[in-house]
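Below is one structure; the comments refer to it alone.
The values are calculated or read from the model by the stated rules, or taken from the named source; none is laboratory data. Keep in mind it's a predicted model, so treat the numbers as computed, not measured. For neighbour counting, all protein chains shown are included, and Cβ atoms are generated from backbone atoms with ideal geometry for every residue, glycine included. Each accessible area value is taken on the protein alone, full model and side chains, heavy atoms only, with ligands, DNA and RNA left out. Shrake-Rupley method; radii C 1.70, N 1.55, O 1.52, S 1.80 Å.
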Amino acid sequence: MSPQLISIYALVAMFVVATILPVNMGVLAFVGAFLVGTLVAGQTTNAIIAGFPGGLFLTLVGITFLFAIAQNNGTIDWLVRLAVRAVRGRIAAIPWIMFGISAVLTSVGAVSPGAVAIIAPIALGFAFKYSISPLLMGLMVVHGAQAGGFSPISIYGGITNRVVAKAGLPLSEITTFLASFGVNLAVAVLLFFALGGRKLLRATAAEPAAVNVPHVQIAVPQSGPQIYGDAEAEALSEEIALETGQRPGRSIVENAIEEPTGQDGRLYQIITLLGLIALAVLVLAFNLDIGFVAITIGLFLSLIAPNLQKRAMGQVAWPEIMLITGVSTYVVVLEKMGTITFVGDSVAGLASPMLAALLLCFIGAVVSAFASSTAVLGSLIPLAVPFLQAGTGVSAIGFIAAMAVSSTIVDVSPFSTNGALVLANAQGVDREAFFRKLMAYGAIVTIGAPIVVWALFIVLWH
């Protein structure tokens, strides 16, 4: 068996193990890079370590650190409350507010699971309170997060653009972003009318019966309480609530829905909002490194209120960072041993380049539905680079857009992080029935999305 095939089988084994067992794929990828690199490819450990993506690591740490601060001091919840008040009783606008907020969060750098973890509990709380389909609200949050996921300063966008630029392929950051935004927005419109949107258009805030939102035990996303035992988690959750101006013992949903207690619009929250705006301006307008800028702004905010933000570094999305950097390191090992060229040449050798492109989109969708989208983007796009460089006639820009959408829109699957978050926070529903609906919708998207984006961005672009 050739070394290239061994490295591919090892990658497949990583996806299978990470899907079946609760083991971080980044850990598997680091071990795989070490074992495959040294035993199969004859590489030194120094050469393997040299493939560690230091710039991407800094970006992920900086972004998640900054958003942990914004979540801790109540800025995110404040913005959500402002958006909901702005609808002035128009119930039909609430799903779109949640879609928009999720899109904004990911477009300025929040990891998709982080944005969904922040917004999904609040959105599903509103769904329960105002008799909106919980399936609709959950899917609007996920599709919103994916809609903004490929902006030039986002995590997905950063991964994709780095891979494409490194390969010397034509790069259009805006095309990829607009493709993802357009497809997810179109799907959201269809979902809105298919899941009760017409009824919501006729509803007002006064019509639904007043109900109490049940307690949902949820900590700040990627936060401290999740790493302690039950007693420590409860005590720490109350401390977080007190520090952020919330009522202890109440869920984030209840705190978000009820009227503010004078804590909104504090000077610190305003400064935090200005910091998020400054991040976008400095990165987009002045082309500064997003990782360094995010950490700098985060440090500035921490110095203003060090006691409030003392847990922010512990809330950095370390599992996501471990996963992304681990897979990226393994991909560098694959590249050095010739696996990427081997696979690309094999796909390019198919009789029909269009069929090869469709096959790659399907692979991306199916794998991502059961594993991490960031892992898929980091591994499959490099595998397609030789295929795109081989002069097959397939547009690189169109293919990257199709691969980006097909590999991320399937995160509605209940087996993915985003879908699982929606399922976990659904209220007032039969969980088993809700799971079946989410799984059925995920299957439809997994089969249909690759075909649609292939036709739109590869066939029509050809």
Can you name the helices (runs of 4 or more DSSP H) wholly within the range 1-59 that have at least 1 residues being of a type in the set (Lys, Arg) and under 30 Å from Ile290 (Cα atoms)? none
Any chance you could count how many residues in the range 19-51 are among the polar types (S, T, N, Q) and under 19 Å from Trp318 (Cα atoms)? 2
Please determine whether any residue of the range 281-293 is more than 11 Å from Asn73 (Cα to Cα), buried (at least 18 other Cβ atoms within 10 Å of the Cβ) and modelled with pLDDT under 80. yes
Taking the range 115-145 on its own, how many of its residues are within 18 Å of Ala420 (Cα to Cα) and open to solvent by less than 10 Å² (accessible area, probe 1.4 Å)? 20
Given (1) at pLDDT below 80; (2) surrounded by fewer than 16 Cβ atoms within 10 Å (Cβ to Cβ), number of the condition Leu308 does not satisfy: (2)
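Looking at the range 355-446, what helices (runs of 4 or more DSSP H) fall wholly within it and have at least 2 residues that are surrounded by fewer than 23 Cβ atoms within 10 Å (Cβ to Cβ) and without any contact (Cβ under 8 Å) to a residue 40 or more places away in the chain? Give the derivation first.
Details: elements: 373-389, 396-408, 417-425.
Counting at least 2 such residues, we get 417-425.
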Among the residues of the range 60-86, which ones are open to solvent by less than 10 Å² (accessible area, probe 1.4 Å) and among the β-branched types (Val, Ile, Thr)? Ile63, Ile69, Thr75, Ile76, Val80
Helices (runs of 4 or more DSSP H) wholly in the range 110-192 with at least 2 residues that are modelled with pLDDT of 80 or more and farther than 19 Å from Leu438 by Cβ - which ones? 155-167
Starting from the range 146-163, keep only residues that are in contact (Cβ under 8 Å) with a residue 60 or more places away in the chain and open to solvent by 10 Å² or more (accessible area, probe 1.4 Å), then list their pairs with residues that are assigned to a helix (DSSP H, G or I) and of a type in the set (Phe, Trp, Tyr) whose Cβ atoms are within a distance under 9 Å, requiring at least 6 positions of separation or different chains. Pro152/Phe177
